[in-house]
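Beneath this line is the structure, given in structure tokens, with notes to follow.
Every number here is computed from the coordinates shown, using simple stated rules; none is lab data. Since we're looking at a predicted model, the values are computed, not measured.
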Amino acid sequence: MANINAKALVDFGKWRTEQLGRKAHHSTINTHNTALNRVLDEAEQRGWITHAIRPKPINDGIKTESRGSFTKEEYKKAEGDREPQEAQIANDTTPAQVAAATDQPAASKTSAHEKAFNLFDSGKLSEKALLIAVGAERSGFELTEDLRLRTLTAFEESWLSEDAMIKLLS
């Protein structure tokens, strides 16, 4: 640690330039300096060096230039060009056609109860959470026939306890 001084940092900068074949970018040197500062912090905490002899890393790297971007006018033009195409597609296709073209299932109306059962079936929802999600404890609670069947199937497969089945079906 005692050998890390200002001259060693200058020598490291020269070595880095040699290895890269060019002067390092500002952000690269920041990354290196951050790592070095962590090492120097640890050395100072352990008493291996004092703050007075601690070298101060410098950053003389090349300032990077931002990548090109669209102007507001270019962005508006690109967005404007898309809208008529999207509107035409929307007018000429059904949800099933869109789904077939994009390899996605057609959007169907899923009730909250069905969603809860789907999550339960996939193991993402516990039995207790299922009962809460479908409102099994509320008065007037009733499942549709297909969800009653899913309840019985879940019980049959031992995914659902008898108590939970009774709460869902009563």
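Extension gain for Asp60-Val39 works out to 5.5 nm (0.36 nm per residue, less the C-alpha to C-alpha distance). For His25, the residues whose amide H sits under 5 Å from its own are Ile62, ignoring neighbours fewer than 5 places away on the same chain, with H placed 1.01 Å from N. Summed over all non-identical Cα pairs, the Kirkwood treatment of the range 6-53 gives a radius of 12.0 Å.
Pairwise Cα distances in the range 112-169 exceed 19 Å for 13 percent of all pairs. Annotation: amide H-H contacts under 5 Å for Ile49 (H modelled 1.01 Å from N, sequence separation of 5 or more, or interchain): Glu44.
Note on Lys63: lysines with a C-alpha under 21 Å away, same-chain residues under 8 apart excluded, are Lys14, Lys23.
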